[in-house]
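Only the coordinates and a few stated rules stand behind these numbers; no lab work does. Just so it is clear, the model here is predicted, and its values are computed rather than measured. Heads up, the Cβs are rebuilt from the backbone with ideal geometry, glycines too, and the neighbour counts pull from every protein chain shown.
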Amino acid sequence: AGLAVNTATRDSEAKHELEFIGNHLFIPIFFLTIGFLIDLQTFARTLVTHFWLVLGIVGGLIGSKYLAAEVARRAFGYSRIEGLTMWSLSIPQVAATLAAALVAYNTTNAAGERLIGEPVLNAVIVLLVVTSVLGPILTERFAKRLPIPADENVSNENFQDKIAVSV
């Protein structure tokens with residue numbers, strides 16, 4: 001749906017209004033909803049008692065995304081900065097990850113046990129927060145270092161503006 005709206009509103013005033021609504025309404029509401037899911041005492045206890053689980057899940061995701069981007073970079077002959085940009089764009093794990101974790105947490109097996117426990121659910125919530133913050137920060141950093149296209153119709157300022165808007 002987002003891709004269709006993006007294509008339909010390209011270079012129109014509506015696109016800027018939709019971006020404003022998304023950035024200032026929907027994204028904060030999403031994080032507010034995640035906040036309602038968290039029991040702060042259990043969450044803090046999970047971070048302390050299951051630190052290695054949290055670190056393993058977050059580090060495993062970030063590391064595996066880097067490895068995949070590095071393989072793709074080498075396979076297709078991209079530059080290092082293009083590979084890092086590709087990696088940073090793939091880092092954020094939000095909606096689908098949360099949905100899958102909540103379904104697994106709320107589903108029980110034949111013995112009545114949850115498919116994943118609260119420590120894993122809390123580790124996934126940490127993953128959501130870390131990746132949704134880290135991804136855009138790294139993307140902005142790496143995208144600014146991308147080479148400017150040789151197209152004469154694209155000025156340097158225009159190209160940098162497009163990068164800033166897309167990030």
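Provide the FRET efficiency to the nearest 0.05 for the residue 51-residue 113 pair, computing r from the beta carbons and using R0 = 22 Å. Can you show the working numbers first?
On the way: r = 24 Å, r/R0 = 1.08.
FRET efficiency, residue 51 to residue 113: 0.40.
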What number, rounded to the nearest 500 deg cm²/dmol, is the helix-based mean residue ellipticity at 222 nm of the chain, given -39500 (n - 2.57) per DSSP H run of at least four residues and division by all its residues? -23500 deg cm²/dmol
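Within the chain, what's the longest stretch lacking trypsin sites (Lys or Arg not before Pro) that sit in DSSP loops with no more than 16 other Cβ atoms inside 10 Å? The partial results should precede the final answer.
Numbers: sites that count: 10, 144, 145.
Excluding the exposed sites themselves, the longest stretch runs over 11-143.
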Once R0 is set to 30 Å, what does the formula 1/(1 + (r/R0)^6) return for the Cβ-Cβ distance between residue 8 and residue 145, expressed as a FRET efficiency to the nearest 0.05? 0.45
Label-point separation (nm) for residue 34 and residue 70, each offset 7 Å from Cα along Cα-to-Cβ? 2.6
Whole-Hz couplings from phi, Karplus 6.51/-1.76/1.60, listed for segment 64-72; x for Gly and Pro: 5, 5, 5, 4, 5, 5, 5, 5, 5
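Only Cα pairs under 8 Å and at least 6 apart count here; give the relative contact order of the chain as a rounded whole percent. Please report the intermediate quantities before stating the final value.
Working: 117 pairs, mean separation 36.9, N = 167.
For the chain, the relative contact order is 22 percent.
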Distance in nm between pseudo-label sites at residue 100 and residue 20 (7 Å out along the Cβ direction from Cα): 3.7
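Work through the residues other than residue 67 whose Cβ is under 13 Å from its Cβ and net out their charges, Lys, Arg +1 and Asp, Glu -1.
Values: positive: 65, 73, 74; negative: 70.
Residues close to residue 67 contribute a combined charge of +2.
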What is the angle, in °, between the Cα long axis of helix 80-90 and the longest principal axis of the Cα atoms in the chain? Nearest 10 is fine, range 0 to 90. 50
